[in-house]
Structures are given as C-alpha cells and as structure tokens.
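For reference, the structure discussed in these notes is given below.
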Amino acid sequence: MGKLILVEEQPGEIIISKNAKEPENKAAKILQEKIRGKSNLNLKIRKENKSETFDSKDKLFILLGSIQSPFPLIDRLTQKINFNKNILKEEDFAIKYVKESGNHYILVIGGSPLSVIFGVGKLLRNMNFSQNALQIPEINLIEKPVHKIRGTFIATHHPSRCYHEWDFDMWQNYVTELALWGINTIFYFPLQYGQWNRKVWYGTESEKAKWDLLGSRVPLMIKSLGLKVGVHINFNDVFPEDAVRMKPPKNGTSEDIAILVTEAGGGMICPSPAKNQKIIIDLREELFQKLPHIDLLSIDITDDGGCACSDCKKGYVGLYLKLSKEISKRLKKYHPKADVIINTQALSKKGIDSFCRKIRKDSNWVDYILYDCFGVTLALEDLRAKLPDKFKDRILAQPEITMRDGMGKRGAVPWVKEFDHAYEKSYDLVAIGGWDMQRNKYWHPEGCYLMLPNNLPRACSVEELNGALSYSEGLHDDITKIIWAQKGWRPKKAPVGILNEYCGWYFGEKTRDRMVKAILKMERISILRPRVKTAEISKLVSEVSGLVESSEKEISARAKEDWRWKLLLLRAKTEELLTCGSKDGKLREDVIRLQKTIHGLTGTRFAPEELPVGKETLEYILEQDHNLYDLRMSIFERIEKW
C-alpha cells in the first residue's frame, strides 16, 4: 500500500463503461451506497464520456469495469502503467492506482462483471471512513481465487434460526454482502417438499407469495449479481398430501447408511416402489421447470431422508445413484448447463466402498462429489484414491459451521482459529457410539459435534480442498462463513487476519483490535464450555464484557444498528448473565431487549418457534444451560478416561 488519498471537499466520481453489464452497474451502486453510509460523502455515478477531458485537480475518480465490457478510459490508463488487464481470468480482479494531471484514479478491473463486485469489496475494506471524509491508500494488487466453488448453503427450512422468515430485502442485503467477501455461489432450498404443500404453487395469494420469493425473486436476484444459483434438494421427500398414499420410509441404519436422519410424517416416502420413484422424479422435474436458474444441483443422500426398510436396506446407495441419475436427466431438459453434486453423507464404511465402486463404473452424469463430515469421514486423500481421476479436483467440502455451542441461542458463535473443526479429525461416528445422544457418551450435549480424543488423524486441510459450501442455519455463524469464503481465495491466509479485516469493516478502525480480542475470547469460551472450566470461563466473560463495553463507547451509531454488532453484544451480555447466576435484573432486561431487536431486524429466534421472543425465550435458554452443566461434567470425565 502507498500513501493515503484524502477525499473531503471534492468527493469525486464513480465511472463505469457505456457497455457495463448488470453486475458492474450494481457494483457502482453498492460502492456509492457504502461510501455514503460510512462517510456521508456522495460520489456521483456516471458512464464514461469518450471525448471528455479532466480539467479538475486533486479529484478522485474510481473506474469500475470488466475486460468483457469495452472501456477506453481504463484501456488508456492501464497502458500508461504497463498493466495488461487481459491476464485476468474469469473471477480475478485487479485494483490499480494511477495519478495523472493532478487527479487520482483508482481502477477496479474484473475478469468478469461479477469479479468487479469482488474488487469493490476489497477496495471498501481498505478505505478509512470518518464523517464527511474518507482515506484511500494508493493501492495496487491482483487477487485470484484458488477454489472454483466458494459457496454457502443458506438453509431455508425449519428449524433454521431465521432464513425461512426472510423477506426479499433481507435476502438481497445479505447476498450482496456475501458477494463483496468473494462468495460466488448461493445454495438454498427453493422448497423442502415435506414442509410445504402443493398450494404453494396454486393456492391463495399469501401461499403463492412464498413461492414467488424463493422460486423466482431470490434466484433472479442472485443471478443479477453474477453469482451462481445452487439448488439443494432432499432425495426422497414429496408433498405431505402425496406421501399419505405412498409406502413410508423406515427409520434405522442399514448396510449402507451409518446414520439415518428422517422426519416422521415430513413428506418422506420409501424410494424403492416404482410408483414412489415416479412421483419423486416427476416432482423434481416440476420444480426444475418452474425455477428460472439452476447452476448447481446438490442431491442429499440422507439428512433429511433415507430409508432402512427391507427393500432399501441392502442396496440404498445403488438406489440413490439410480434415481439421482434420472433426476439429473430431468434437470438438463430445462437447465442444460447445470452441474450435479452428489454426496457421501452418513454412509457406513461399506456404503462408501459401494458408492465409490459404482461411481467408477458410471460417473458421466456427475460433476462434483460433496465431501461431508457426517458418518464415516475418510481422509480426503483416501477418498480421492477410491474415485475416478476426473474427481481429483472436483471434491467440494460442506463444512458444518452452524450447530456448535448452542447454535446461536446466546448470540454470535464465532469460530476463527477452529473455523475448520468439521475436518479437524477423521472419525467413524458409528464406531464411536452412533447418532443418538442418549446412547453416545461422546456426543456433545448441545449437538452436532463429537468431543474427540487427540490421536485421531486429521481428515484434510483447507489447502487440499477444491471448493467449499459452508452449511448455515442462521446469522450467528456469519464470521465463520466469511472466513471460509476468504479461504477460498487464499487458503493459507491466517483466519485471525480475516477476522481483523471483518472487524475493521463492520466496527471501524478505532475498535478493530478490541473486537478481534473479544471475538477470540468468545471462541475460547465455546471451547471451554463443555469442559466446565468455570473459573477460566468467568475470567474470559469478564474480559469480553470489558472489551465490548469500551468498544461500544467509540463505535459509530450506524455500526451499532447493524445486527452483527447486536449479535456480538447479545453474546457478551448472555454470557455475563450466565456467570452471575441469572440474577441480574438489568442484564435480563438488556438480553430480552437485544433478542427482540435482532428478531425485528433479521427474523432470528433463539428458542423453538412456539416460544415468543422475550421472557419465555430467555427462561428456556437459562434452564437449558443450567441443566447442561451436570451432563457436561459426566461426559467430559468419561472422555478423559477414554
């Protein structure tokens, strides 16, 4: 970074090509709105004038364009600094500073219209903002992503913390923010058959509005930014009114499935009978026909779904692959360029061997394998060795980032140094004890991860992966989601460095260092909680409270209104309330107020939906936490002996 450009009285202009594509136009608007919101400066957006001259002095011009949109002014300035913009590949971007005739030019050049948005995000995070002024470094850089797929799965089903309650503005604001951090694919459920009914396609206006949002407006918005649309479907669910006349699935494990998670009465049917297969495939074709965009289709093998009846028990993997292949054929009728993703989730050792053996025989219809740490987790190199060569660089991770340490019931749950915990150990869930917490002495009481001994081998490192789509059921995991997104650009970048960038952007330079420390201490509390390290936790909670309180005095009014700040503030106050025995009346009021405010901003709930946000929710959380301490102690003691 070079010297700082100070912009005050002459705020400057944002210039785009006359040939700008939709993502480039959006990039200019995003840049303008973010600068205005953080500094009150209004940079005018205009299109390039080929014959114009720049008579002003000491003025800032930010030029945004991709190599796909002819832009003579960018061409002239890049020639002046001997930069060949054509070296940029599709998702690369460059930010270049040029000084000419006393004016300052910052060029944000993308290999594609989408990568202009990536570049704008990077530029914004390098700016320093104050009231009616901003400072921009004389920046010169080129960034190239390492992972082809850098996605997140926004789980819109029940019981996510909030996503199923979002309106269009919430979707647009959040997806735009993720794009600024370099995510290129948004996966979601356009619908989960077992939780909807057919009226969503032809019923009342309110019923159809739900489908209009997820089936039309959301995918169109995602594509307008230049992002890929990833659609996630379960394998064997149908609408509940169809399920009642079909053979139901049977719960349980089988030779192929180590862990079965299926929702009784949730629209699941046995995938073996021919008439059941027909309705499964026909419903998915109907969905594909209705959706305007599908770039990637991910077909879950189980969770939620599966069947362990006598017909499915011995050949479930073959059944899954057979139907998934037919589903992919129906997909290509309407979305011929879409890629198909299948996964190994919840498979037993025998199931994984069967999966790999069958894929070796017939894989032309498969584009990616989802490497899921749920069930038998092979080391990545072992899985690669079992698959055809075409998948060497086509294995995607689905890191579980959302279900640890209470799944956001206390507020933000940042995992920074342990962002990749899902791949920390290679293990066999069934050998260790199975899915049911009552039968599994090693299962963490708050769900979805095992407290494992240290001598198990690591499943993989981020550097080994070809791409990832983090699994999210709420905004409490936002920090970890962003770390995974940025790791897709530079896998070797330290996660604390990404956190530093995150805190500077959302909370400001004055409080950056304190908030980094507070968040790392929150992570440490989450690590210690299941071990009941009470004295150490109490000390950390006190330190977190001090850091957050001092930051609150200096953070901007705008930043205080952001749900990110409020979720971290809620976490600090809830932890403080727990350590004082839940007796502080003012803290109780503060926690309830924050819960209600966050719910109003994001739809987030901190307890089951039947409990209203407020006193009932808080009492539920406190009761859960106090009951868990005894359970945690016994589990931890058993693990120590093991």
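The values are calculated or read from the model by the stated rules, or taken from the named source; none is laboratory data. The shown structure was predicted, so the numbers you read here are calculated from the model rather than taken from an experiment. In this analysis, Cβ positions are derived from the backbone assuming ideal geometry, glycine residues included, and neighbour counts consider all displayed protein chains. Heavy atoms of the whole protein, side chains included, go into the accessibility calculation; ligands, DNA and RNA do not. Shrake-Rupley method; radii C 1.70, N 1.55, O 1.52, S 1.80 Å.
A few notes on this one:
- Residue-averaged [θ]222 nm for the chain, counting only DSSP H segments that reach four residues, each worth -39500 (n - 2.57): -12500 deg cm²/dmol
- Theoretical gain in end-to-end length, Asp389 to Glu22 [0.36 nm per residue, Cα-Cα removed]: 128.4 nm
- Sorting the segments 40-49, 552-561 by their residues' average number of neighbouring beta-carbon atoms within 10 angstrom, most packed first, yields 40-49, 552-561.
- Unsatisfied cross-links (Cα-Cα over 27 Å) in the set Lys26/Lys59; Lys59/Lys96; Lys325/Lys386; Lys21/Lys492; Lys332/Lys493: Lys21/Lys492; Lys332/Lys493
- Selection among Ile30, Ala557, Leu475 by position relative to the dipole of the chain gives Ile30 as farthest towards the positive end (Cβ unit charges, Cα centre).
- Label-to-label distance for Glu33 and Lys99 is 3.4 nm, based on points extended 7 Å past Cα in the beta-carbon direction.
- Ser551 - accessible surface, heavy atoms, 1.4 Å probe, Å² rounded to 10: 0
- Relative contact order of the chain, pairs being alpha-carbon contacts under 8 Å that are 6 or more residues apart, as %: 11
- Think of each Lys and Arg Cβ as +1 and each Asp and Glu Cβ as -1; about the Cα centre, that makes the dipole of the chain roughly 1240 debye.
- Given R0 = 35 Å, the distance between the Cβ atoms of Arg490 and Thr534 translates into a calculated FRET efficiency of 0.35.
- Whole-number Å³ per residue for the convex hull built on Cα positions in the stretch 63-167: 162
- Ala397 long-range amide H proximity, modeled H, under 5 Å: Tyr371, Asn466, Gly467, Ala468, Leu469
- Whole-percent P(r), the stretch 45-95, all Cα pairs, 10 Å bins from 0: 19, 54, 24, 3.
- Cα lying deepest toward the dipole's positive end in the chain, options Asn49, Val413, Leu577, charges on Cβ: Asn49
- For the stretch 495-557, relative contact order (Cα pairs under 8 Å, six or more residues apart, normalised by length) works out to 39 percent.
- Selection among Leu540, Pro495, Thr402 by position relative to the dipole of the chain gives Pro495 as farthest towards the positive end (Cβ unit charges, Cα centre).
- C-alpha center-to-center spacing [the stretch 377-414, the stretch 16-83] in angstrom: 39
- Acute angle (nearest 10 degrees) that the helix 168-180 long axis makes with the longest principal axis of the chain, alpha-carbon atoms: 70
- Every Cα-Cα pair of the chain was included, and the share exceeding 44 Å stands at 23 percent.
- Computed packing ranks the peptides 307-314, 166-173 as 307-314, 166-173, most packed first, by mean other Cβ atoms within 10 Å.
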